[in-house]
Every structure is written in structure tokens, then in C-alpha cells.
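See below for the structure under consideration.
The values are calculated or read from the model by the stated rules, or taken from the named source; none is laboratory data. Treat the numbers as computed from the prediction; the structure is a model and nothing was measured. Note that we place each Cβ from the backbone using ideal geometry, even for glycine, and neighbour counts take in every protein chain shown.
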Amino acid sequence: MKRFLVVILMMTVSLGVYSQTVVYYDPDGNLRRIVDISSEGNKLFGSIGLKFVVTADENSFNNALKQYNPEYFIMNSIIYQSKRKDLNLEISFIFLKNKNYTYTKKLVTFQEGLTAKDLRDKVLASSFKDVSDIVPIEARVLKVPKDLDALLAMKFKQADVAIVSESSIEIFRSISPFDSSLLKIIYTSREIFNPVFCYSVGKGSPSKAKEIERLLLSDTAKQFMSLLMFDSVSSDSKIISKMK
């Protein structure tokens, strides 16, 4: 009987029938590799019976909420702060890179002589609607799906400045070396927490979240973690408590 149940479970996973869902949403993430992230994520999470859904922008994230009613999330920490009450979220662990659990965003421009004090009548491209908690400046915000779009908006003169992560600048450098050489950093944000893994209380399971943490720390997850541009995760309560 036990062997029969194992066979049924294996068949269920192989046929793509999943009982629960993990949704990924990080505007600061490596969305240029969104297809690879989706493919690797589905292989990885599918191995433990979970569906993995990548969302590239706010609209697709909201659609995923309606379509899948997800139990688990990998999300940008700023998104987490804005959604935690509505979705009843609890953090399980945070992603790390070189043991660091925070990153910064840079205010960049192509314009000579422009400073962070000169932005009152300027257009700022951002993957977030509200940037007041990231950079204390006044500017007209042009909302874009992701950081790379913010840089492109500036390149094509739709914006004067952009607020982007360092990893996004690295990606921009790889696809547009000349333009990236002209970028000027005029402000560095406060420290921002890395993306977090969380579950919806009452729907997701803390024990399943712990299983996922172990999975992401295993060799099996190295390719997936590399695509996300992280190398480890941590459930250290001293770190997690800073976000509550």
C-alpha cells in the first residue's frame, strides 16, 4: 500500500498536478532571465510537489494572486512590507549574497552636473510607485515594470534619472557597455533587505517552508539560486525580526 501511494505521488508531480503554489515577484531581480528562472524553478519546486509561478510586474503578480491563490511567495522585501497585511504573510527566511542580507539602490543619470537636489521638475524612472522610503527626493515618478526598463527609459530620454539596484546596473553593463560607461551615480539609498520567502498564514505551512529552505540550501538548487543572483538563505531570527 505504501509503495502504491509513493507511485501515485510521483505520477501526480510528473503530470504537473500541484496542490500548492510558490509565486516569485522581485522588480529588482534578474528578470532578463525570467524564462530560465521559471524553468529551473518549476523543476526544483516541482520535485516537492509545488507549482512555481514567475511574475514580471505588478499586473502579472495581481493576476497570479487571483488565478492561483498562492500559499508561498519569494518576493522583494519592499513588496513584502506593502503586502504583508493584505496577504497575511509570515517570513520564513531571507536570501543572502556573500553572506549579506541587504543591498542598495543607486540614483543614476546620464546628465552632466545633475545632482539629487535638482530633481523637483525631473522625471524619475522606477520599478516602484513610491520611492520616498528609498530616496528622500522630490521628482515625478515614471513607473516601469523592472529596473532595466528604468535604465532604458533614461537612455531613450523618457526619464532624467533612474533608481536601480547595483545588480541591474551590472546587467545593463553587459548589454549596453557604452551607455553604461556614461552612467553617473548621484545618490545611494539606505540599506534594503534582500528578497524573502514567506507564506500566507492559514494557507501555507511553516514545516513546508522549512523543507523549502533546506531544498534551497542543497546542491540541487545551485543553478536556480544563481539565476536569482543569490548564493544562500537564512532563517536567523535576529535578521528576520528587523523586518517586522
Original post:
What is the number of the single condition among (1) of a type outside the set (A, V, I, L, M); (2) in contact with a Phe, Trp or Tyr (Cβ under 8 Å, 6 or more places away or on another chain); (3) modelled with pLDDT under 95 that Glu112 does not meet?
Top reply: (2)
Original post:
Looking at region 126-153, which of the residues that are closer than 21 Å to Arg33 by Cβ and among the aliphatic types (A, V, I, L, M) is surrounded by the most Cβ atoms within 10 Å (Cβ to Cβ)?
Top reply: Ala150
Subject >> Index of the failed condition, Lys210 passing every other in (1) within 23 Å of Tyr103 (Cα to Cα); (2) out of contact with any helix residue (DSSP H, G or I) (no Cβ under 8 Å at 6 or more places or on another chain) >> reply: (1)
Subject >> Members of region 21-76 that are of a type outside the set (A, V, I, L, M, F, W, C) and in contact with an Asp or Glu (Cβ under 7 Å, 6 or more places away or on another chain) >> reply: Thr21, Pro27, Asp28, Asn76
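Being polar (S, T, N, Q), over 30 Å from Thr115 (Cα atoms) and in a loop (DSSP other than H, G, I, E, B) is the filter here, so list the residues in region 193-244 that pass it. Outline the logic, then answer.
Filtering region 193-244 for residues polar (S, T, N, Q) gives 194, 200, 205, 207, 218, 220, 223, 226, 232, 234-235, 237, 241.
After this cut, where a residue has to be over 30 Å from Thr115 (Cα atoms) as well, the list is 200, 205, 207, 218, 220, 223, 226, 232, 234-235, 237, 241.
Ser205, Ser218, Ser235, listed by residue number.
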Subject >> Residues that are modelled with pLDDT of 95 or more, over 16 Å from Ile94 (Cβ atoms) and either touching a Ser or Thr at 6+ places or on another chain (Cβ under 8 Å) or among the basic types (Lys, Arg) (or both), drawn from region 189-214 >> reply: Lys203, Lys208
Original post:
Going by the structure shown, is Phe197 assigned by TED's automatic domain parsing to the domain that holds Asn69 and under 15 Å from Asn100 (Cβ atoms)?
Top reply: no
**OP:** Tell me, yes or no, whether region 218-236 has at least one residue that is assigned by TED's automatic domain parsing to the domain that holds Asp118, without any contact (Cβ under 8 Å) to a residue 40 or more places away in the chain and of a type in the set (S, T, N, Q).
**Re:** no
Original post:
Which residues, taken from region 87-112, are more than 22 Å from Ser226 (Cα to Cα) and either assigned to a loop (DSSP other than H, G, I, E, B) or free of Cβ contacts under 8 Å to residues at least 12 places away in the same chain (or both)?
Top reply: Asn88, Phe110, Gln111, Glu112
Subject >> region 154-168, residues that are closer than 15 Å to Pro27 by Cβ and surrounded by fewer than 20 Cβ atoms within 10 Å (Cβ to Cβ) >> reply: Glu166, Ser167
Original post:
Is one or more of the residues making up region 119-142 at pLDDT below 90, of a type in the set (Lys, Arg) and closer than 21 Å to Lys83 by Cα?
Top reply: yes
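For Ile169, are the conditions met, namely being under 21 Å from Thr55 (Cβ atoms) and either assigned by TED's automatic domain parsing to the domain that holds Arg32 or touching a Lys or Arg at 6+ places or on another chain (Cβ under 9 Å) (or both)?
Here the answer is no, as Ile169 does not meet what is asked.
Within region 157-166, can one find any residue that is of a type in the set (Gly, Ala, Ser), modelled with pLDDT under 95, closer than 28 Å to Lys83 by Cα and in contact with a helix residue (DSSP H, G or I) (Cβ under 9 Å, 6 or more places away or on another chain)? Write out each step before concluding.
Taking region 157-166 first, the residues of a type in the set (Gly, Ala, Ser) are 159, 162, 165.
Filter once more, keeping what is modelled with pLDDT under 95: 165.
Imposing the further condition that a residue be closer than 28 Å to Lys83 by Cα reduces the set to 165.
Next, from what is left, pick out any that are in contact with a helix residue (DSSP H, G or I) (Cβ under 9 Å, 6 or more places away or on another chain): 165.
Among the residues of region 157-166, at least one is of a type in the set (Gly, Ala, Ser), modelled with pLDDT under 95, closer than 28 Å to Lys83 by Cα and in contact with a helix residue (DSSP H, G or I) (Cβ under 9 Å, 6 or more places away or on another chain), which makes the answer yes.
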